[in-house]
Amino acid sequence: MSGILVFALHYEGAFNKNSLGGVSEAAKLAEQLGCEAHAVVIGDVSDELAATLGNYGATKVFRAKDVPEGLAQPVVDVMAKVMGDNGHDYALFGGGLLGFEIGAGLAARLNAGVTMEVTHVNVADGKLTAERPIHGDSSISTSHYKDRGIIIGRLNAFEIAAPSDAAAVVEDVDVQLSEFSTRATMVTRGEQRGEDIDIESADILVAGGRGLGKPEGFELCEALAEALGGAVAATRAVVDAGWYPYSTQIGQTGKTVSPKLYLAAGISGAIQHKVGFQSAENIVAINKDSNAPIFEYSDLGIVGDLNKILPKLTEAVKVRKGS
Amino acid sequence: MKICVLVKEVPDAAVEKRIDPSTGRMDRSGERNLNPYDTHAIEAAMQVREGGEVEVDEIVAVTMGPSSAVRALHKAVSLGADRSVHLSDDALAGSDVVATGYALAKLLERESPDLVLLGQQSDDGECYTIGAVVADHLQMPSLTQVIKMDVTPGTLRCERQAEYGYDTVEIALPAVISVGDAINEPRYPSLKAIMGAKKKPLDAVGIGDVGLEAERVGEAGSKVACGDFKPPPQKAAGEIIEDEDTNETVAKIIAWLDERKLLA
Ligand SMILES: Cc1cc2nc3c(=O)[nH]c(=O)nc-3n(C[C@H](O)[C@H](O)[C@H](O)COP(=O)(O)OP(=O)(O)OC[C@H]3O[C@@H](n4cnc5c(N)ncnc54)[C@H](O)[C@@H]3O)c2cc1C
Ligand SMILES: Nc1ncnc2c1ncn2[C@@H]1O[C@H](COP(=O)(O)O)[C@@H](O)[C@H]1O
């Protein structure tokens, strides 16, 4: 039996949105291929929660209970066993980070083809092909799998289907982990660094990156955001550096937003950042490097020094708004 | 302790990247350089050595790539590696991620490292997954995007950001770690180190030397074929303002925002 196996990531009692997108996508493709979409969950997942993957089209959920959560290699062991026992031809992952590590490890284990950052999956001649943007999104390449295929989606690439009330069958599997998979242990998971700030409800976001130069540089963004009536967002580079709270990070391992205005200052516009805000209605970028990738997809780009522009822009906004 | 750092030669970011439409492979012409993300991996190795928690006997830069890749190795050595290993063979051309990771793992087996370090991504491949492939073949624990790494004899304590925040993971050595660019600020090589780099041992090997199965590498051994290159959906080009007179620039931005009713 062929089929598509999806890894469904869960945390604190809920499935990851990108995983639900992955299950929805797999179900759609399975229907076209004439096979079934199944899911894998690990660790502490109740029968009820696991069965809800049926709402998005998974007919069966394989659950490996005693497997540590948050690490990739134990999941590789589980998925390799499930695919081996059940003959799945494809494995699919929604965007994020763990899926990249699991998918690549699984490809090595099964000697299968793997494509990451996938934005579209197509069915051709009874097989799946995967489209992936390359070279800073300047071209799109299509992967053809010679044998089994592993598809790792880009963040938000797969849409979540409207949930039905179908429930998936839950089957427990027993998997012997590889010795090396047990040599990494989670000490703490999901630590929130910095304050918890709500940026998802803001219509206007002023985002700052490494180009702000120092943590205090964010004061320029805060002043502009206040004048515009918006909130402040950040890139991973500055969050990793401890300049700004993780709760404000946009992108692959941060939040996804679609505000009316996203004004990016001192941000290069890396793809892992772009995927978190590309559906914003208006994108404005201020960067001193005219070759910065962000100018490729901004609606208004200003080539210049943010230290000169931001303070004056803030004053002008205040004047315009009469405050 | 022996550390191997995987480094790659990539097209210089300032130079335009393109795929050769007839072969589907990356056009390798033009300026090339050491993948900038890999300098963080070399620096991480240097900091383990200088940290004094463990004794580092050797730091070895390892690459797989065409003959031009020796320049990336020289750069890696100028940044602190003691010697380098270069796997180059016509049979490797066109290798996909899995084939590349397999070949690198075979190469690393000869070195028996206690720690393998990689960069967070290659500037041209942008897969951020070679580490996971290498680790599975070497049967070593692994983690990617690590931004803090504390070493004690036999173990690593690593921090990295994943989907739900920061994770701290303890890993037993030997291990494969890819480091995020926030882990450190790479040093600049001294002039002396640059001059001396070409004199450090460089071991050039082919696929016969590393005992890999030829049918698992190269275009034929790859499990995925890339093709049908097409341009992405075109978005209307944005407006660009060069900031010369900032007052004027700001007035233009205000007008632009006003037009879109963003200043209401
Ligand atoms: C698996 C993975 C997941 C990731 N997840 C995320 C994520 O969730 N979110 C995210 O943001 N990133 C993420 N990244 C990192 C991403 O690849 C980039 O490294 C990061 O977004 C870069 O941040 P930046 O733009 O602030 O810094 P840089 O890329 O260093 O850009 C700084 C920019 O500032 C400009 N600049 C400097 N000085 C000035 C000045 N005075 N005036 C104007 N401009 C100036 C420079 O020209 C430059 O373009 C991820 C990477 C990986 C591999
Ligand atoms: N051909 C190669 N030779 C040596 N190391 C490589 C090679 N390709 C990728 N790497 C390493 O793998 C990391 C991640 O690359 P990638 O998975 O291609 O994004 C790089 O930063 C390098 O450390």
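Build a GNM of chain A with springs between Cα atoms under 10 Å apart, and of A:ASP172, A:ASP305, A:ASP125 the one that fluctuates most is A:ASP125.
Close amide H contacts of A:ALA264 (hydrogens built in the peptide plane, cut-off under 5 Å, sequence separation of 5 or more or a different chain): A:ALA207, A:VAL284, A:ALA285, A:ILE286.
Of the candidates A:GLY269, A:GLY70, A:GLY126, which one comes out as most mobile in a Gaussian network treatment of chain A with C-alpha springs shorter than 10 Å? Residue with maximal mean-square fluctuation among A:GLY269, A:GLY70, A:GLY126: A:GLY126.
Across the stretch B:255-264, computed HN-Hα scalar couplings (Karplus, 6.51 cos²θ - 1.76 cosθ + 1.60, θ = phi - 60°) run 4, 5, 5, 4, 4, 9, 6, 9, 10, 5 Hz from first to last residue, x flagging Gly and Pro. Projecting the Cα atoms of B:PRO113, A:ALA234, B:VAL250 onto the charge dipole of the protein assembly as shown, computed from C-beta unit charges around the Cα centre, puts B:VAL250 farthest toward the positive end. For a test of the definition: using alpha carbon positions, the gyration tensor, and the 1.5 limit on a/c, classify chain A as rounded, prolate or oblate. Judged from the Cα gyration tensor, chain A comes out prolate (a/c at least 1.5, a/b above b/c). Which of A:GLY70, A:GLY254, A:LEU106 sits farthest toward the positive end of the charge dipole of chain A, with +1 on the Cβ of Lys and Arg and -1 on the Cβ of Asp and Glu? Of the listed residues, the answer is A:GLY254. Amide H contacts of B:ILE240 (H built 1.01 Å from N, in plane; Pro and chain starts excluded): A:GLY301 sit under 5 Å, all sequence-distant by 5 or more or on other chains. Where the alpha-carbon atoms of chain B are placed on the principal axes, they occupy 64, 48, 42 Å, in descending order.
Quick one, what does Rg over Rh come out to for the stretch A:60-176 if you take C-alpha atoms and the Kirkwood Rh?
Details: Rg = 15.0 Å, Rh = 15.3 Å.
For the stretch A:60-176, the value is 0.98.
Shown in residue order for the stretch A:289-298 are the 3J(HN,Hα) couplings computed by the Karplus curve 6.51 cos²θ - 1.76 cosθ + 1.60 at θ = phi - 60°: 9, 5, 8, 4, x, 4, 5, 5, 10, 8 Hz (x for Gly and Pro).
Calculate the dipole size of the protein assembly as shown relative to its Cα centre from +1 charges on Lys and Arg beta carbons and -1 charges on Asp and Glu beta carbons; express the result in debye to the nearest 20. All intermediate terms of the calculation are to be shown ahead of the outcome.
Details: 55 positive and 86 negative charges, 189 e Å.
For the protein assembly as shown, the charge dipole is close to 900 debye.
When the trypsin sites (Lys or Arg not before Pro) in the stretch A:143-175 are filtered for DSSP coil states and for at most 16 other beta-carbon atoms within 10 Å of their beta-carbon, the remaining sites are A:LYS146.
For chain A, the longest principal axis of the Cα atoms and the long axis of helix A:98-110 meet at an angle of about 40 degrees. Remark: the stretch B:55-66, residue by residue, has Karplus-estimated 3J(HN,Hα) of 8, 9, 7, 8, 10, 10, 8, 10, 9, 10, x, x Hz, where x stands for each Gly or Pro and the curve is 6.51 cos²θ - 1.76 cosθ + 1.60 at θ = phi - 60°. Each Lys and Arg contributes +1 and each Asp and Glu -1, all at the Cβ; summed about the Cα centre of chain A, the dipole is approximately 940 debye. Just so you know, the Rg over Rh for the stretch A:152-228 is 1.15, from Cα atoms, with Rh as the Kirkwood radius.
Which angle from 0 to 90°, rounded to the nearest 10, does the C-alpha axis of helix A:306-321 make with the longest principal axis of chain A? Tilt of helix A:306-321: around 80 degrees. Across all directions, the average projected area of the convex hull around the alpha carbons of the stretch B:168-264 is 17.0 nm².
How large is the helix-only mean residue ellipticity at 222 nm for the protein assembly as shown, computed as the sum of -39500 (n - 2.57) over DSSP H runs with n ≥ 4, divided by its residue count, in deg cm²/dmol to the nearest 500? Can you show the working numbers first?
Details: 16 runs with 163 residues, N = 587.
Result for the protein assembly as shown, helices only: -8000 deg cm²/dmol.
If I fit a long axis through the Cα atoms of helix A:218-228 and take the longest principal axis of the Cα atoms of chain A, what angle between them do I get, 0 to 90°, rounded to 10? Roughly 80 degrees, rounded to the nearest 10. For A:ALA167, no residue has an amide H sitting under 5 Å from its own, ignoring neighbours fewer than 5 places away on the same chain, with H placed 1.01 Å from N.
What net charge is computed for the residues neighbouring B:TRP256, neighbours being all others with C-beta under 10 Å from the C-beta of B:TRP256, Lys and Arg scored +1, Asp and Glu -1?
Numbers: positive: B:LYS252, B:ARG260; negative: A:ASP299, B:GLU239, B:ASP258, B:GLU259.
Value of the local net charge: -2.
The spacing between the stretch A:96-134 and the stretch A:269-308, judged by their C-alpha centroids, is 29 Å.
How big is the stretch B:72-223 by the Kirkwood estimate over distinct Cα pairs, in Å? Show your work: numbers first, answer last.
On the way: mean 1/r = 0.0596 Å⁻¹.
For the stretch B:72-223, the Kirkwood estimate is 16.8 Å.
Which value in Å is the Kirkwood Rh of the protein assembly as shown over different Cα pairs? Mind dumping the intermediate values first?
Values: mean 1/r = 0.0403 Å⁻¹.
Across the protein assembly as shown, the inverse of the average 1/r is 24.8 Å.
Comparing A:ARG63, A:ARG132, A:ARG189 in a Gaussian network model of chain A where C-alpha atoms under 10 Å apart are linked, the largest mean-square fluctuation is found at A:ARG189.
Only the coordinates and a few stated rules stand behind these numbers; no lab work does. Source: prediction; values computed, not measured. Neighbour counts run over all protein chains shown; Cβ positions are idealised from the backbone, glycine included.
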